[in-house]
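Throughout, read-outs are computed from the coordinates displayed, never taken from laboratory work. These numbers come from a predicted model, not from an experiment. All Cβ positions, even for glycine, are placed from backbone atoms using ideal geometry, and neighbour counts span all protein chains on display.
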Amino acid sequence: MDRENLLDRLIGQLDTLIPFLEISRRSVFRLLRAKGYVWFYPDQRNAFPKTYQVYQKQVCHSALLLGFSYFEAFLADLIRQVYQGQRCRRITFEKLHRSQ
């Protein structure tokens, strides 16, 4: 996968977070509170947020963490491509120190 494809993949993954954030809407919270309890086991019902503000914060934090994981995978793949493109694959401490 070339660098442009990596970037396209990252942008596509980040775009999927937009509909994910839609579930943080108040109407979804109300629906889950009103009817969602039939989907949860009793111990899960107690863990469901009691207020909309807590629920919204949990969804937003989840999206942020998911976005970070997408970016982390992008960086790892990019570093792998750069490394594999090098003629000399032996990286020494001196090379790293000189690059700073």
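What the table below lists for this structure:
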quantity: Residue order, fewest to most beta carbons within 10 Å, for 27, 62; calculated: 27, 62
quantity: Under Karplus coefficients 6.51, -1.76 and 1.60, residue-wise ³J(HN,Hα) of the range 68-83 in Hz, glycine/proline x; calculated: 4, 5, 4, 5, 4, 5, 4, 5, 4, 5, 5, 4, 4, 5, 5, 4
quantity: Cα→Cβ-extended label distance, 7 Å offset, between residue 45 and residue 8, nm; calculated: 4.9 nm
quantity: Value of relative contact order over the range 3-98, rounded to a whole percent, pairs C-alpha under 8 Å and six or more apart; calculated: 44 percent
quantity: Karplus 3J(HN,Hα) series, Hz, for the range 19-25 with 6.51 cos²θ - 1.76 cosθ + 1.60 (x for Gly, Pro); calculated: x, 4, 5, 4, 6, 7, 5
quantity: Calculated from backbone phi, Karplus (6.51, -1.76, 1.60) coupling profile of the range 57-66 in Hz, x at Gly/Pro; calculated: 5, 5, 5, 5, 5, 5, 5, 5, 5, 5
quantity: Charge dipole (debye, nearest 20) of the range 3-98; +1 at Cβ of Lys and Arg, -1 at Cβ of Asp and Glu; calculated: 200 debye
quantity: Theoretical gain in end-to-end length, residue 57 to residue 23 [0.36 nm per residue, Cα-Cα removed]; calculated: 11.1 nm
quantity: Distance between modelled label sites at residue 66 and residue 80, nm, 7 Å Cα→Cβ extension; calculated: 2.2 nm
quantity: Dipole-positive endmost among 53, 84, 36 within the range 3-98 (Cβ charges, Cα centre); calculated: 53
